[in-house]
Amino acid sequence: MNSPRVNFKFLKTFWWKKKFQVRVSDAMPSDKKEPPNKPDTEDIISSAIGEFGRWQLLHTFLLSLFNIPCTWHIFIPTFHAAERLVWCARPEKFRNVAPHLWINCSGQSDAEYCSTTWRGDAAECPPFGEGGNFSGTAACDRWEFAGEGSTIISDFELVCDRANLIRVGEMMFLAGVAVGGLVCGILSDKYGRKRTLMVSVLIQSVVGTIIAFSPWFSLYAIFRVILGFISVSVVFSGFVLSIELVGGEWRTVAGISYLFPVSLSYMIIAGIGYLLRDWRHLQLAISLPGLLFQILWWVLPESPRWLLALGRTKEVMRILESAARFNKRPLPPNLDKRLQPETSEEPVENVSVLDLFKTAEMRKRTFIQFLIWFSVYLVYYGLVLNLGNIGGNLYITSVLQGAVEIPAVALSIFILLKGGRRLPLCLTMAVSGAACALIVPIYHVTGADLQWLVTCLAMLSKFCISSSNAIMPVFTAELYPTTIRNIGVGAANVAAGIALMAVPYLWMLASFHQSVPMAVLAVFGILGGLSVLLLPETGHAPLLDTLKEEEHGRRYSISPIDNSKRINNNCCS
């Protein structure tokens, strides 16, 4: 009689599994039980329609186009308030006098146009020959502007004691951006990415059109606040929807590629601004095309991941069936049953901003994200403003800024795929800050023309921080579960909005010493980069859907090395 054969390989595997389970249970509180196995929703969606196919390519491309009108609205004040030569208006009797002669004879050669100084004699200033020798000063209450078309400065007379309103108007827009990122993030997580996106872009077009007909600066400023509030909603809703339509490493490609039209927008707005010198015509030209996006209501899908997190499986099935047909691949059998939640007794999560601070881990992530977003935006836009002060043709400079962004964004895709999220973001921010730090001692060197070195270091810093600006939203979105993803990104945008409002005042610190602004940028660049190391790596790990998954995933983690395997095991085993 033959003795039974023992499968030692099976016993060895069984023993290791039991040992792993014991180690996990020992790390858990005694009153907690291991949750039931739950299929990884991303694996279900990706296995059904593929991680990336023609369907995903089409929709991520269409979503990226929403960035174009948003970028136009954000940077249009550069052309709305373009600097032009201005002088105190000529009285009626001197209306036929050439502007250059009037400026010279009325004491405005040094651009002091807030008052008119009558000086000279009949020989030097023929227009005033009737009075012989003369002198004196008179207040100026009307102005004339050189150049074609009009700007908000000429239409609303934002000169002299009203010149500070230009800065106030832009600060109000940025305040709208800061608040809008959080509020619209809440709306997107509650009502859906697609609905929030489409309604926001419609309001953006309507408000932008109203601005073009504003008769007063106060009305212009009020609607710019609303426009800032809405524009950031368009950007973030489209971004989150874009990365939730793809799977695997394609999240990185889709998230970064979503920013490519931003670079293109710099170049396009320069061309439009060059052709349309009247700010009202220019405002209409960038607002009306947004209405065309309403056609995409019947093309773009809602996020299947968001729908699945809310238990709306029938809608998910309709989207996956359409996507599978477009990608020409069959759906897996019994997919509708696999999408069903295992327990119907568990209610759908009701989330709010407070959930960002609910646990120690979420609080840590949220506060670090605040620091990172503040630092990136402060350094990025601080450098943009400084580069704008070097002079040159406004339209050529805008094109060059867009051209610089393209390789930075392209490089971000490569380093994210090869190096994950955490280390690339840390290095790009830290190098950007270090480049700013190297500029500081140059300002203290006298007797040497080192402007070329300052410019090279500033361009290096801007290149690196542009890459950080592309990596940061992807990393942030992956750190939060689906149910609060937009809330998390929107909350981080509040810190970014505060940084934006601080940028114009940052350069006022140069009154102490011209190196102080760069020193501030260096500190935040390096500090923000180092803080990234306190966050977990998210590359190659499936997106979490609910807060409970995040809590369980953190509880079961054995070591940072096994992070991606841990998530897969918890979700799919």
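Just so you know, all these numbers are worked out from the coordinates, no wet-lab data involved. As the structure is a computational prediction, the values presented were derived from the model and not from experiment. Cβ sites come from the backbone with ideal geometry, for glycine too, and all protein chains shown count toward neighbours.
Rank by packing, highest mean first: peptides 150-161, 321-332, with packing defined as the count of other Cβ atoms within 10 Å averaged across residues. Mind dumping the intermediate values first?
Details: 150-161: 18.8, 321-332: 14.8.
Taking the mean over residues of other Cβ atoms within 10 Å, the ranking is 150-161, 321-332.
Cβ neighbours within 10 Å, averaged per peptide: list 73-85, 196-208, 226-238 in order, most packed at the top. Write out the running numbers ahead of the final one.
On the way: 73-85: 19.2, 196-208: 22.5, 226-238: 26.8.
Going from most to least packed, we get 226-238, 196-208, 73-85.
Give me the number: length gained by fully extending Lys314 to Arg162, i.e. 0.36 nm times residue separation minus the C-alpha to C-alpha distance, one decimal in nm. Don't jump to the answer; show the numbers that get you there.
Values: separation 152, 0.36 × 152 = 54.72 nm, distance 5.82 nm.
This chain segment gains 48.9 nm when fully extended.
In nm, to one decimal, how far is the Trp297 label point from the Tyr443 one, both placed 7 Å along Cα→Cβ?
Spacing of the two 7 Å Cα→Cβ label points: 5.2 nm.
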